[in-house]
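Everything below concerns the one structure shown next.
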Amino acid sequence: GACWWLEALHEKLCADVFGSDHLFADDTPVPVLDPGRGKTKTGRLWVYAREQRGWGGADPPAAVFLFAPDRKAERPVTHLRDFKGVLHVDGYAGFEQVAARPDVTLAACWAHTRRKFYDVAQATGSPIAEDAVRRIADLYAIEAEIRGKAPHWRLAARRKLSASRVENLRLWLENQLAQVPARSTLADAIRYTLARWKGLTRFLDDGRVELDTNPVERAIRPVALGRKNHLFAGSDGGAERWAILCSLIETAKLNGVEPYAYLTDILQQMADGYPANRLGDLLPWAWKAANPVKA
C-alpha cells in the first residue's frame, strides 16, 4: 500500500539518476516465490548508483534499484536507454551491449581484478599473484591521497604517479602469461585483466572515473546481508515494491537522512494531497534541505 504512493517518487528518482553522466552498475540475485512449484525462483535486483563525492561533483549520491526476473543483457540495455556517459561495471558481458552505443563508455573495476589474483594467492600461495595484488595496492594508495580533489587535480596526479605503474603492470602481466601454465587459475586471472585493459585504464583519461565499482557494491550490501532474514519476495510485484523501497531507503542513507523519519513524513504529505508537480522536493536530498531537524 505504501509503495502505491511511492512509485511516482521512485520514477522521479530514476529520471534524476539516469540523467547523470557517471554511474556505477551491478546486480544481485533475490529469491521470488514461484506459485505452483512450492519453491522460489531467482530474480535480480539491478542497481545503479551515483557517487560524485570522490571528485567533488555537484550531484547528490543516490541509488536506484530495479527488479527483473532474469539477468539478460536486455535488462541493463533497457534501464540505460537514455543514459549517456561513463558506466562503471564489473566483468558481466551484458554491459558490453550498453556500450555498443557511441555515447556510453565502460570503466572496468580494479577491485574485481584484484580479487582474481587474491583468490589465486590464497589458494596456491603464488608469488606472481601476490605481486599482482601488491602492484594494484600501489594504485589504491595513490587514489587515497587524491580522493575528494577536483577532477583536473586527480587526473594530473594519476598521469604523474599511476600511468607508469599501470603500463609496467601490463608489460609484466603479458610476460608472466607467456610463462605460466595456460590452463591455470593464475593464467585465467591474467587473461581476465588484459581482456579488460581498456576499461581498467579509463581512469587515466578522466579524473571523475573511479578505480572500482565499490559505491554500487556498498548499495547492494544490505540486500546481500539480509537474505537469510527477508527470505523471499512473495511475487514479481512484491519484488518490484522491494526495489522501490530499497531505492528510497538507500538514497536516504547516502544523504545522511534517517529513513524511517523520511518515509513517515513524505507518505503523510502525499496522503494529504502533496502536489504531483513538486515531487522532486520529496527526494531525500531535497527533503533534507527543507527538514534539517527531522533528517
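The values are calculated or read from the model by the stated rules, or taken from the named source; none is laboratory data. This is a predicted model, so every value here is computed, not measured. For neighbour counting, all protein chains shown are included, and Cβ atoms are generated from backbone atoms with ideal geometry for every residue, glycine included. To get the accessible areas, we keep the full protein, side chains included, count just its heavy atoms, and leave off ligands, DNA and RNA. Shrake-Rupley method; radii C 1.70, N 1.55, O 1.52, S 1.80 Å.
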**Asked** Which percent of Cα-Cα pairs in the range 192-295 sits in each 10 Å bin, short to long?
**Response** 12, 30, 27, 22, 8, 1
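Any idea what the dipole of the range 110-201 comes to, in debye rounded to 20, about its Cα centre with Lys/Arg Cβ at +1 and Asp/Glu Cβ at -1?
420
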**Prompt:** Rounded to two decimals, what is Rg over Rh for the range 75-116 when you use alpha-carbon atoms and the Kirkwood radius?
**Reply:** 1.00
**Fill in**
Sorted largest first, the Cα spans of the range 170-212 on the principal axes come out in Å as 38, 17, 11
**Asked** How big is the range 1-118 by the Kirkwood estimate over distinct Cα pairs, in Å?
**Response** 15.8
**Request:** Would you mind telling me which residue in R135, R202, R154 has the biggest mean-square fluctuation in a Gaussian network model of the chain, where springs connect alpha carbons within a distance under 10 angstrom?
**Result:** R135
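Assuming 1.002 mPa s and 20 °C, estimate D for the range 110-201 with Stokes-Einstein, Rh taken as the Kirkwood radius over Cα pairs, in µm²/s.
Working: Rh = 13.8 Å.
Stokes-Einstein gives a translational diffusion coefficient of 155 µm²/s.
Taking the Cα centre of the chain as the origin, how large is its charge dipole in debye, to the nearest 20, when only Lys and Arg (+1) and Asp and Glu (-1) carry charge on their Cβ atoms? Before the final figure, lay out the partial values.
Working: 41 positive and 36 negative charges, 124 e Å.
Charge dipole, the chain, about its Cα centre: 600 debye, nearest 20.
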**Message:** Within the chain, what whole-number % of the accessible surface is contributed by carbon and sulfur, with the 1.4 Å probe and all protein chains included in the calculation?
**Reply:** 53
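Rolling a 1.4 Å sphere over the protein heavy atoms, what is the accessible area per residue of the chain, to the nearest Å²? Please list the in-between numbers first.
Details: 14490 Å² over 295 residues.
Here the per-residue accessible area is 49 Å².
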**Prompt:** Which of the listed residues, I146, F117, W172, is farthest toward the dipole's positive end in the range 110-201, when Lys, Arg count +1 and Asp, Glu count -1 at the beta-carbon?
**Reply:** I146
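Given that compact globular proteins tend to follow 2.2 N^0.38 Å, what is the ratio of the alpha-carbon Rg of the chain to that value?
Values: Rg = 21.0 Å, N = 295, 2.2 N^0.38 = 19.1 Å.
The reported ratio for this selection is 1.10.
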**Asked** In the range 88-132, which residues have a backbone nitrogen under 12 Å from the label point lying 7 Å from Q179's Cα in the Cα-to-Cβ direction?
**Response** 127-129
